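Any read-out appearing in this document is the output of simple, stated calculations on the displayed coordinates, not a laboratory observation. This is a predicted model, so every value here is computed, not measured. Glycine also receives a Cβ, built like all others from the backbone with ideal geometry; neighbour counts cover every protein chain displayed.
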Amino acid sequence: MTLDTSIVASEGGNGAAGPGSDGAVRVRVALEYAIEGDLRFLAHHDELRMLIRALVRAEWPLAYSQGFNPLPKLTLPMPRPLGLASRCSLAVVGLERPVAPEALQARLSAALPVGAAVQRVSPMVSRRTPRAERVRFAVTLRDEDQASGAERLSALFARSVIDVRRDMGPDKPARRVNIRPFLASYRLSGRELSLDVYVESQRTARITEILEELELPVDQYGPRVWWEQISWQ
């Protein structure tokens, strides 16, 4: 399912742009963008800061939160894993007034740093934040892995249980997770692998876990993997 962005969802009234206004969100837009090169090493909060700075430089009429430290109303519904490039990241941005998507895209394209690129800006209909339901990873296999790639993938998808040890973060014990229910499908054409995984309430299989189960060296596959497509509810 893709985003329904055919009609602007106006929330009434005209407000002056900037943090000095009442902070009401009049319009929400979906910002689809790519992250490549060294920017793939940006952590989640650093990526948010990069986007906010670029949006301010681009003079988007941002809606701000209330309080002593007002911030632009910006949400990343599916945070990008650290070190992973993306051609389909999504940000939901609150605006105080409607602006033509073409104008917003042109302004932001000129304000983003090298390694980030606007794919599309679309007005949103729904007031609900989109939820990812399926992610497609693209992987370019190394020459030495191409010959055995089909066999490894077939063996992986034939398993009923794929039990992995997952690191849960600082000061938290690791735990075992069965990632098999999240594996949806794959397509291998030469060295190019498309791998689809399900997402359920922000839970999914990590690409590093899949690479390890395929016996592909994670440290060498970092630049060879990226988000290709995300399906949203």
Once label points are set 7 Å from the Cα along Cα→Cβ at both ASP38 and SER185, what is their separation, rounded to one decimal in nm? 4.0
Find how much the distance from THR140 to PHE68 grows on full extension, using 0.36 nm per residue of separation minus their present alpha carbon separation; answer in nm with one decimal. 21.2 nm
If you fit an axis through the alpha-carbon atoms of helix 101-111 and take the longest principal axis of the Cα set of the chain, what angle between them do you get, 0 to 90°, nearest 10? 70
Roughly how big is the stretch 188-233's charge dipole about its Cα centre, with Cβ charges of +1 (Lys, Arg) and -1 (Asp, Glu), in debye to the nearest 20? 140
Of the peptides 154-163, 179-188, 86-95, 56-65, how do they stack up when ordered by the mean number of other Cβ atoms within 10 Å, highest first? 86-95, 56-65, 179-188, 154-163
Using the charge dipole of the chain (Lys, Arg: +1 at Cβ; Asp, Glu: -1 at Cβ; taken about the Cα centre), state which of VAL125, SER231, VAL139 has its Cα farthest towards the positive end. VAL125
Charge-dipole axis of the chain as Lys and Arg at +1 and Asp and Glu at -1 on Cβ define it, positive-most pick from LEU108, LEU193, LEU216: LEU108
Is the shape of the chain best called rounded, prolate or oblate, per the rule: a/c under 1.5 gives rounded, else a/b larger than b/c gives prolate, else oblate, with a ≥ b ≥ c the square roots of the Cα gyration tensor eigenvalues? prolate
Explain nothing, just the number: dipole magnitude of the chain about its Cα centre with +1 on each Lys and Arg Cβ and -1 on each Asp and Glu Cβ, in debye rounded to the nearest 20. 560
Placing +1 at every Lys and Arg Cβ and -1 at every Asp and Glu Cβ, with all other atoms neutral, what dipole size does the stretch 27-123 have around its Cα centre, in debye to the nearest 20? 120
For the chain, find the longest principal axis of its Cα atoms and tell me its angle to the long axis of helix 143-158, 0 to 90°, nearest 10. 90
Separation between the ARG203 and LEU82 pseudo-spin-labels, each 7 Å from Cα along Cα→Cβ, expressed in nm? 2.3
